[in-house]
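Asks: One structure is given below, represented as structure tokens, and several questions about it will come after.
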Amino acid sequence: MIQRIVAKMVDVSARYALVVLMLALAAIVASWSYASRLDLRSDFLELLPRDSPGFKAFEHQLGRVGGGASLIVVCESPDRAANERFIDAMSAKLEATLAARKECVAACKGDQACKTSRCGPDLISYVESGSKEVRKFFQDNKWLYADLNDLEDAYDTLDHQIAFRSELVPNLLEDDPPAPSPSHPAPNGGSATGPRHAQEPPPSPEKKPALGLDQYRERWQKQANKNDDFPTGYFATTDGKMLGLRIISKTAGMGDAGGDALLHMVEKMVGEVNPRSFHAEMQVGLAGDIANAMEEKQSIVSDAVWATGTAFVLIMAGLVIFFRSPWSILVIILPAIIGVGCAYSFAMATFGYVNTSGAFLGAIILGNGINYPIVLLSRYREFRARGLPPDQARRDAVWNAFRAELVGASVGGIAYGSLVVTNFRGFSQFGLIGFVGMLLVWLSMIPTVPALLVIIEWIQARLPRWLRDPSPKIDKDGSRGPIIKRIAAFTERRPWVFVGVAAVLSVVTAWKLPQYLHDPWEYNFDNLGSRGSKVHGAGLWSIKAENVFGGKMNVAGAQMLADTPEQTPLLKEQILKNDTADPQGKLVAEIATVDDLLPGTPEEQKKKLEVLERIHDRLTPAVLASMDEAERARVLDIDPPESLRVLAGKDLPALLRRRFEESNGTVGTVFYVKFGPISFSDGHILLRIAKTTDVVVLPDGTMVQTASRSTIFAEMIRSMERDGPLATGASLAAVAVVVLIATASLRGFLVVLGSLMMGVLWMVGGAAFIDMKLNFLNFIALPITFGIGSEYPFNVFDRSRLLGGDVTAALRRTGGAVALCSYTTTVGYGALLFNDNQALQSFGKLAMSGELLCLGAALLVLPSILHIWRQKKKEEVPHDGNVGEPAA
């Protein structure tokens, strides 16, 4: 029944060839037009399962504080003044953009549709162009940041100087009043809480300028300036040759669309401001989270286009050379283009985007998918060369290849489908889209290939002879070329040689496997990104931005959140305890909270205010009138103003306060964990950081869902470790079941699966020998190789079955097509080797090696084993021209 249905489909496709072609072209136009709206999301969040604790915690944090990712504008020229003017101009333009959007939103009066259509996306949280407000804040409050003991000493000195000048005490010629005790230094954002000096300072030996307060003024001034890292008010290097401006966005800065839109907007603004108008040598670059993510994303997109284009050209050239016909390109490529377009249309309808691993599916489906029409066209041309008329050759070719093609589509679909059972979206999305693409290539092949054959033969019949394809020819023994003929002869004459070499190679490669498989994962994230971005582009400008900012203004470290401000000190204490308990040593250098920027607790500040009030009261008009103008000015400069009050986090300047503020205005829940000299590219360290800082349990049992960027990378590693073996096992088990059913014999099952396992063993063993680690991209090569790699030995075995067990004839007739299938797939993988993205390079290397090794096992080892293990009784296979080989 199935054979009659397939034959009927072939005849109908041939009879209505133009209709089939028009429908195929319409499907291509429709699918590719729809898929053109597909977005690429290189955000690492898109690789994680949505129900993972790390994803949920990080997403919850983003909802409370926004993305918080930075986009840094860095200008560089030898003229500090020119750099400052450029920063002022860019800041004014950005602030004007923010103000315009704010006015637009207000005019919309809560209408969301109005906000979206008229006001544009809400991309910027705030802009930081300098530290002027920070400097002013600490100048205005420098008295509160002084040490309490120092304030008491200042009051005593002032009191004695006033008494001395009024001749109420004699000149005792004693030592100067002591400086503040070394045990009570003025901390950054705090105050000493030690006891008051037991001994009162001795009286001044003589009249001192400015009532002896000069030394305190200088000390308090220095203390206030400790919190100001940029004395010029601009974010600048010491020599002023590089200045920066920081834009804090509402995106995560991990490759999302909002970050891309902000980057393009700022690039346009930089062009409008025209840096060269400020200085002829001025250069401007963009750095930070958003720029780095965009650089990686552009690298992936450009590499995907380049890889697909290169693979297409090389594959087409191979087809023309093998079939000696440029017309063969149309027959073979049309089903693959339909499959790729429909796969991406499915992605658009299902997801609306593809993640990093799905960006290269086009090249991979193209390379893998054309295997089916290659085998079909090869069978058709072989049957035509043997004298069959076109209509019978079409029917027999489709049915003759149907079993092998169905198995190939099944195991290929299984290879991709096995990834769907995982929770890691980097695997599951890739697998689902690939499964749909491979299935649709196979389904579209059955009607389109016969229709194209009819149309091309009709066209060629009306062309001059020199434009027609040469008539297909095969040797008397059915072989397609000298190479495959020699391989078939060698495996028949010397089967033990090939089996022995394969056994030795298997033992050698298996030797290192136990150690390798114990922990095969790539933990060095420097080996996964773009090489080019490290020496130019965003990577280079990020280095310059680090020279400007250098972790100053309390912005360094991993941002985390407490549920309430009261939890923050408890979390700080617990994280430090977790870090101390790390058996590999401490990672945390310090934890910065909003309290570190305040002049002590409210109680400590009240004590300081009491002393300052006494100092202010002693500086009466009469006392000030007794001094000359210069001396009076210095005293007034240190006279505490009456406006001083207890400061809280909300009183800090915006540049500092916003670092510790949630989107709803809550201050004090945000804190930063700063680490020592460690590499954030080391996955082992990221796992340790995640263990120390993620999901912290307080002493009372309260669980706080803290998260950071390290959480994402650590969760990605854990997901791969969990889902990698699951996908591999599912793929192997499913392929084994299909092979067992398709071969319908123990011998066939063992030789086909054994050939596949040898190829996979050699691939993984080779990776172990060269220490190639597995990552979120190249790991996909393993389940794919199980599927695609089993096609080749099954094709050879199935053809031998159709030929009554004649292995040599089967290899001669099908070996060339199998090699061509492997060539096209290898080219699809090989194009990735020249990409800038290192993760994709590793994927290309591993997948290409697996492809070639599985091909070698199918063409050399499997025939040799079949020759050695001949059945005593040949399989009875009918040869009526439909089921098996057609009559010559």
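Asks: Go through segment 315-342 and give me each residue that's touching a Gly at 6+ places or on another chain (Cβ under 8 Å) and more than 16 Å from THR448 (Cβ to Cβ).
Replies: Matches in segment 315-342: ILE315, PHE322.
Asks: Taking segment 387-405, which residues are at negative phi, touching a residue at least 12 places away in the same chain (Cβ under 8 Å) and open to solvent by 50 Å² or more (accessible area, probe 1.4 Å)?
Replies: Matches in segment 387-405: ASP391, GLN392, ARG395, TRP399, ARG403.
Asks: Next question, about the same structure. Filter the helices (runs of 4 or more DSSP H) completely within segment 113-227 down to those with at least 2 residues that are more than 18 Å from LEU644 (Cα to Cα) and either modelled with pLDDT under 85 or open to solvent by 20 Å² or more (accessible area, probe 1.4 Å) (or both).
Replies: Fully inside segment 113-227 and qualifying: 148-165, 214-225.
Asks: Just to be sure before I move on: is ILE290 buried (at least 18 other Cβ atoms within 10 Å of the Cβ) and part of a helix (DSSP H, G or I) in the structure I sent?
Replies: yes
Asks: Quick one: would you say ALA581 is of a type outside the set (Phe, Trp, Tyr) and without any contact (Cβ under 8 Å) to a residue 24 or more places away in the chain?
Replies: Taking the combined requirement at face value, the residue satisfies it.
Residues are listed down the side, and each one gets a yes or a no for (1) touching a residue at least 24 places away in the same chain (Cβ under 8 Å); (2) in contact with a Pro (Cβ under 7 Å, 6 or more places away or on another chain); (3) surrounded by fewer than 17 Cβ atoms within 10 Å (Cβ to Cβ):
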position	(1), (2), (3)
LEU624	no, no, yes
ASP637	yes, no, yes
LEU644	yes, no, no
ARG658	yes, no, no
THR669	yes, yes, no
TYR672	yes, no, no
PHE675	yes, no, no
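Asks: Here is a follow-up. Looking at this structure, is LEU366 part of a helix (DSSP H, G or I) and buried (at least 22 other Cβ atoms within 10 Å of the Cβ)?
Replies: Considered against the rule, which asks whether it is part of a helix (DSSP H, G or I) and buried (at least 22 other Cβ atoms within 10 Å of the Cβ), LEU366 comes out as yes.
Asks: Now for a separate question. Suppose the filter is more than 20 Å from ALA781 (Cβ to Cβ) and of a type in the set (A, V, I, L, M); does VAL411 pass it?
Replies: no
Asks: Still on this model: Given segment 1-97, what helices (runs of 4 or more DSSP H) lie entirely inside it while holding 3 or more residues that are modelled with pLDDT under 80 and either touching a strand residue (DSSP E or B) at 6+ places or on another chain (Cβ under 8 Å) or of a type in the set (Phe, Trp, Tyr) (or both)?
Replies: Counting at least 3 such residues, we get 53-65.
Asks: Sort out which residues of segment 813-847 are crowded, with 24+ Cβ neighbours inside 10 Å and basic (Lys, Arg), and write them in order of number.
Replies: ARG813
Asks: Additional query: Check whether at least one residue in segment 110-127 is of a type in the set (Ser, Thr, Tyr) and free of Cβ contacts under 8 Å to residues at least 60 places away in the same chain, and report yes or no.
Replies: Yes.
Asks: Mind listing whichever residues of segment 238-282 are assigned to a loop (DSSP other than H, G, I, E, B), open to solvent by 20 Å² or more (accessible area, probe 1.4 Å) and either touching a Phe, Trp or Tyr at 6+ places or on another chain (Cβ under 8 Å) or modelled with pLDDT of 80 or more (or both)?
Replies: THR238, ASP239, LYS241, ASN274, PHE278, HIS279, ALA280, GLU281
Asks: Could you tell me whether segment 303-324 includes any residue that is touching a helix residue (DSSP H, G or I) at 6+ places or on another chain (Cβ under 6 Å) and assigned to a loop (DSSP other than H, G, I, E, B)?
Replies: No, that holds for no residue.
Asks: Exactly one condition in (1) out of contact with any Phe, Trp or Tyr (no Cβ under 8 Å at 6 or more places or on another chain); (2) open to solvent by less than 30 Å² (accessible area, probe 1.4 Å); (3) under 15 Å from VAL73 (Cβ atoms) is not met by GLY285; state its number.
Replies: Checking GLY285 against (1) out of contact with any Phe, Trp or Tyr (no Cβ under 8 Å at 6 or more places or on another chain); (2) open to solvent by less than 30 Å² (accessible area, probe 1.4 Å); (3) under 15 Å from VAL73 (Cβ atoms), the one that fails is (1).
Asks: Considering only segment 323-353, how many residues are in contact with a strand residue (DSSP E or B) (Cβ under 7 Å, 6 or more places away or on another chain) and either at positive phi or open to solvent by 10 Å² or more (accessible area, probe 1.4 Å) (or both)?
Replies: Going through segment 323-353 one residue at a time, the tally reaches 2.
Asks: While we're here: Examine segment 577-586 for a residue that is at pLDDT 90 or above, among the hydrophobic types (A, V, I, L, M, F, W, C), under 42 Å from the mean Cα position of the chain (by Cα) and open to solvent by 10 Å² or more (accessible area, probe 1.4 Å), and state whether such a residue exists.
Replies: Checking segment 577-586: at least one residue is at pLDDT 90 or above, among the hydrophobic types (A, V, I, L, M, F, W, C), under 42 Å from the mean Cα position of the chain (by Cα) and open to solvent by 10 Å² or more (accessible area, probe 1.4 Å).
Asks: Given the condition part of a helix (DSSP H, G or I) and in contact with a strand residue (DSSP E or B) (Cβ under 8 Å, 6 or more places away or on another chain), answer yes or no: does some residue in segment 420-428 qualify?
Replies: Looking for residues that are part of a helix (DSSP H, G or I) and in contact with a strand residue (DSSP E or B) (Cβ under 8 Å, 6 or more places away or on another chain), one finds at least one in segment 420-428, hence yes.
Asks: How many residues does segment 69-120 contain that are of a type outside the set (Gly, Ala, Ser) and closer than 22 Å to GLY233 by Cβ?
Replies: Number satisfying all stated conditions: 20.
Asks: Residues to consider are GLU590, GLU603; find the one that is in a helix (DSSP H, G or I), farther than 19 Å from GLU661 by Cα and either touching a Pro at 6+ places or on another chain (Cβ under 6 Å) or open to solvent by 70 Å² or more (accessible area, probe 1.4 Å) (or both).
Replies: Being in a helix (DSSP H, G or I), farther than 19 Å from GLU661 by Cα and either touching a Pro at 6+ places or on another chain (Cβ under 6 Å) or open to solvent by 70 Å² or more (accessible area, probe 1.4 Å) (or both) holds for just one of GLU590, GLU603, which is GLU603.
The values are calculated or read from the model by the stated rules, or taken from the named source; none is laboratory data. Note that this is a predicted model, so its numbers are computed, not measured. In this analysis, Cβ positions are derived from the backbone assuming ideal geometry, glycine residues included, and neighbour counts consider all displayed protein chains. Heads up: the accessible areas ignore ligands, DNA and RNA and are worked out on the full protein's heavy atoms, side chains in. Shrake-Rupley method; radii C 1.70, N 1.55, O 1.52, S 1.80 Å.
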